[in-house]
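The values are calculated or read from the model by the stated rules, or taken from the named source; none is laboratory data. The structure presented is a predicted model; accordingly, all values stated were derived computationally and were not measured. Glycine gets a Cβ as well: all are built from the backbone with ideal geometry, and neighbour counts include every protein chain shown.
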Amino acid sequence: MPTATPQAPKTADPRQQRILLAVALVLLVPSLYFIWRHFRTHGVEYETVAGRPLLKNESNRFHDQDSGIRFRAPTNWSLQLRTTEAPDAEGKERLIVKYKRLLPKQGLGWLRVYVTDRPKNKSIVEAVAERDPGAGFKPLTKVESRTIAGVPAASISHSNVYHNAISVRDVIGLEYKDRIFFFVATYPAADKGVRDEINQSVNSVVFSD
């Protein structure tokens, strides 16, 4: 009897292999991102304390990957604190980063950047006007509507005695999609140059999704 000739196994179609690989990657990337977001360490990433020096800025550009904001840090200011977003941060205001100016013969200055969900049915002007500037700070100006980085923005200044000096606290809010970013700068009222440094940082904002 004639014996059957064994058939060679069929090789997979290279085009079909590429399609399957692409589908697998599409499914895998969101899963890895979900795992990273929910199981990574979150909260305060770095904070200076007594005996721990302020950080020199490794780059003049700051980038927060969670919120997508980028901006140029104030020149000669030091990084004092930065955080990462918690998985359950929805609806809560988060301090993204804090800078401190600590230069010889110049008054202290601070820049804090926050992010929070945009309040429903409220304009950026209302959100800035209603944000608590801190204990003892009283309005120095009215809320001013602005456009910064191509998005709706608003600003207001407050005044108070802070760290034994008559100080100004500027609150600048930027509305981007469903979030509001607050730049809160505190500095001696007599130091006129600080506001220019802060405005340069705010005007350098770039958002990425």
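Some points to look at:
- Qualifying residue in region 138-146 (condition: farther than 20 Å from Val202 by Cβ and at pLDDT 95 or above): yes
- Residues within region 149-180 that are touching a residue at least 24 places away in the same chain (Cβ under 8 Å), under 21 Å from Lys138 (Cα atoms) and under 24 Å from the mean Cα position of the chain (by Cα), tallied: 11
- Considering only residues in region 96-109 that are without any contact (Cβ under 8 Å) to a residue 60 or more places away in the chain and farther than 21 Å from Arg70 by Cβ, the one that is surrounded by the most Cβ atoms within 10 Å (Cβ to Cβ) turns out to be Leu102.
- Breaking point among (1) farther than 23 Å from Asp196 by Cα; (2) among the acidic types (Asp, Glu); (3) over 17 Å from the mean Cα position of the chain (by Cα), for Asp117: (3)
- For region 131-150, the set of residues classified as of a type in the set (A, V, I, L, M) and surrounded by 17 or more Cβ atoms within 10 Å (Cβ to Cβ) consists of Val143, Ile148, Ala149, listed by residue number.
- Annotation: Leu55 fulfils all but one of (1) in contact with a Leu (Cβ under 8 Å, 6 or more places away or on another chain); (2) farther than 20 Å from Val171 by Cα; (3) at pLDDT 85 or above; the unmet one is (3).
- In the set (1) of a type outside the set (Gly, Ala, Ser); (2) surrounded by 19 or more Cβ atoms within 10 Å (Cβ to Cβ); (3) under 14 Å from Asn199 (Cα atoms), Val125 fails one condition alone, (3).
- The lone exception for Arg112 - which of (1) touching a residue at least 60 places away in the same chain (Cβ under 8 Å); (2) in contact with a helix residue (DSSP H, G or I) (Cβ under 8 Å, 6 or more places away or on another chain); (3) closer than 23 Å to Asp209 by Cα it fails: (2)
- Some residue of region 61-75 being assigned to a loop (DSSP other than H, G, I, E, B), out of contact with any helix residue (DSSP H, G or I) (no Cβ under 8 Å at 6 or more places or on another chain) and at pLDDT below 90: no
- Scanning region 126-155 for residues that are assigned to a loop (DSSP other than H, G, I, E, B) and of a type in the set (Lys, Arg) yields Arg131, Lys142.
- Residue that is nearest to the chain's Cα centre (by Cα) [pool: residues in region 62-88 that are over 16 Å from Phe182 (Cα atoms) and of a type in the set (Gly, Ala, Ser)]: Ala86
- Options Asn160, Asn164: the member that is over 25 Å from Arg70 (Cα atoms) and at pLDDT below 95: Asn164
- Qualifying residue in region 82-95 (condition: crowded, with 19+ Cβ neighbours inside 10 Å, modelled with pLDDT of 95 or more and assigned to a strand (DSSP E or B)): no
- Members of region 156-209 found to be polar (S, T, N, Q) and surrounded by 21 or more Cβ atoms within 10 Å (Cβ to Cβ), listed by number: Ser167, Thr186, Ser201
- Hits in region 97-114 - residues which are at pLDDT 90 or above and hydrophobic (A, V, I, L, M, F, W, C): Val97, Trp110, Leu111, Val113
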